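In what follows, a structure is listed as structure tokens, so that the remarks can point back to it.
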Amino acid sequence: MKNTCVIDIISQKGGVGKTTLAISLATYLASYLHLRTLILDLDPQGHIAVGFGKNRDDGMYRWIVKGQSIESVSQEISEYLYIVSNDQSNLYIEEHINRASFREYILNDLIQQISGFDIIILDNSPSSTSVMHIMGLVASTHILIPVTMDYLSLDGMVHVLKTVRTLANYPNIVAPTILGCVPFMFERKTSETLINLVELQKLVGPSLIMPFVPRDTHVREASSRGMTIWDYCPNSPAVIGVIGKSTVINSRGRIGGLLHVGEQVVEKLHLERK
Ligand SMILES: Nc1ncnc2c1ncn2[C@@H]1O[C@H](COP(=O)(O)OP(=O)(O)OP(=O)(O)O)[C@@H](O)[C@H]1O
Ligand SMILES: [Mg+2]
């Protein structure tokens, strides 16, 4: 898996936009830049498959526990985009891992054997104690943390940062680089948002604050129809951002949006269109 970036999308708080970010970023990288992209669903909710209008299945179980090939367990979404789904069989993955020695490395070792992808994206469950979280962090080269502008979400983010710093103390583990925090479901006009944005800047520093994704009902509508927001409403604020003043704007001359997040990820990782 030479030169493959593994991006772990993680937050210990539920419902902050992890799956939306995983699906949207993967769609941008695959459909617009033709980068070969694979999403691994580490969450038994199986929302990655559902978000693409597919049936969730036990792909992750068959890959990790049964030793089947990545080709046979993955589902094709489009020419450059594949997913490996998850479901309640995740329980057996956790049992398998808990019995194994060097369990933190299991996912990393399997990912190392994958070839043919430029980007691998990991979508996590919100469960903070899950062994899947640690395996994901050990296997990843970069992390992205979606965060909503409320106290508990910021607290969840602090936990992730602490875990990453702890990993850096282990001699055999290369801790992932933090790409940034993505303010999700952002409402520019509320005072809670603005107070917590200042708090977020203090916690991570301005350079790690990625473009925000505005709150936009089109996102919920898209997921309820099993469509990505890029297909359902590509000109929605959640995709192209909003009009406003900023020194940093996206390629549409707007600020924020999933397009802007994708562009920043591409810039930070020095990715190029194929
Ligand atoms: N920008 C947005 N505006 C409005 N709703 C959004 C936005 N982004 C995501 N949502 C909605 O918020 C809900 C939670 O999003 P999502 O499932 O991506 O979060 P999650 O962190 O993956 O949740 P979980 O922790 O359960 O895995 C979904 O219904 C989704 O459609
Ligand atoms: Mg999710």
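The values are calculated or read from the model by the stated rules, or taken from the named source; none is laboratory data. Since the model is a prediction, treat every value here as computed from it, not as a measurement. Virtual Cβ from ideal backbone geometry, glycine too; neighbours counted across all protein chains shown. SASA here: full protein model, heavy atoms, side chains in, ligands and nucleic acids out. Shrake-Rupley method; radii C 1.70, N 1.55, O 1.52, S 1.80 Å.
For the reader, a short list of remarks on this structure follows.
- Among residues of the range 195-229 being closer than 13 Å to Met185 by Cβ and of a type in the set (Lys, Arg), the one that is least open to solvent (accessible area, probe 1.4 Å) is Arg215.
- Evaluating Ser191 against the criteria (1) open to solvent by 70 Å² or more (accessible area, probe 1.4 Å); (2) hydroxyl-bearing (Ser, Thr, Tyr); (3) farther than 17 Å from Thr148 by Cα leaves one unmet condition, (3).
- Those residues of the range 215-230 which are closer than 14 Å to Ala22 by Cα and either touching a helix residue (DSSP H, G or I) at 6+ places or on another chain (Cβ under 8 Å) or within 8 Å of ligand 1 (Cβ to nearest atom) (or both), in sequence order: Val219, Ser223, Thr228, Ile229, Trp230
- Scanning the range 62-76 for residues that are over 24 Å from Asn108 (Cβ atoms) and over 11 Å from the mean Cα position of the chain (by Cα) turns up at least one hit.
- Taken together, Ile83, Ile39, Ile48 contain a single residue that is under 18 Å from the mean Cα position of the chain (by Cα), within 16 Å of ligand 1 (Cβ to nearest atom) and assigned to a helix (DSSP H, G or I), which is Ile48.
- In summary, Thr20 fulfils each of the numbered conditions (1) open to solvent by less than 10 Å² (accessible area, probe 1.4 Å); (2) within 16 Å of ligand 2 (Cβ to nearest atom); (3) at pLDDT 95 or above; (4) touching a strand residue (DSSP E or B) at 6+ places or on another chain (Cβ under 9 Å) with the single exception of condition (1).
- Residues in the range 202-237 that are over 24 Å from Tyr28 (Cα atoms) and under 21 Å from the mean Cα position of the chain (by Cα): Leu203, Val204, Gly205, Pro206.
- Criterion (open to solvent by 50 Å² or more (accessible area, probe 1.4 Å) and aromatic (Phe, Trp, Tyr)) met by exactly one of Tyr61, Tyr32, Tyr28: Tyr32
- Scanning the range 112-128 for residues that are surrounded by fewer than 17 Cβ atoms within 10 Å (Cβ to Cβ) and more than 14 Å from ligand 1 (Cβ to nearest atom) turns up Gln112, Gln113, Ser115, Gly116.
- Verdict on Asp41 being touching a strand residue (DSSP E or B) at 6+ places or on another chain (Cβ under 6 Å) and either open to solvent by 50 Å² or more (accessible area, probe 1.4 Å) or within 27 Å of Thr166 (Cα to Cα) (or both): yes
- Evaluation of Ile240 against the conditions (1) open to solvent by 30 Å² or more (accessible area, probe 1.4 Å); (2) at pLDDT 95 or above shows that the sole unmet condition is (1).
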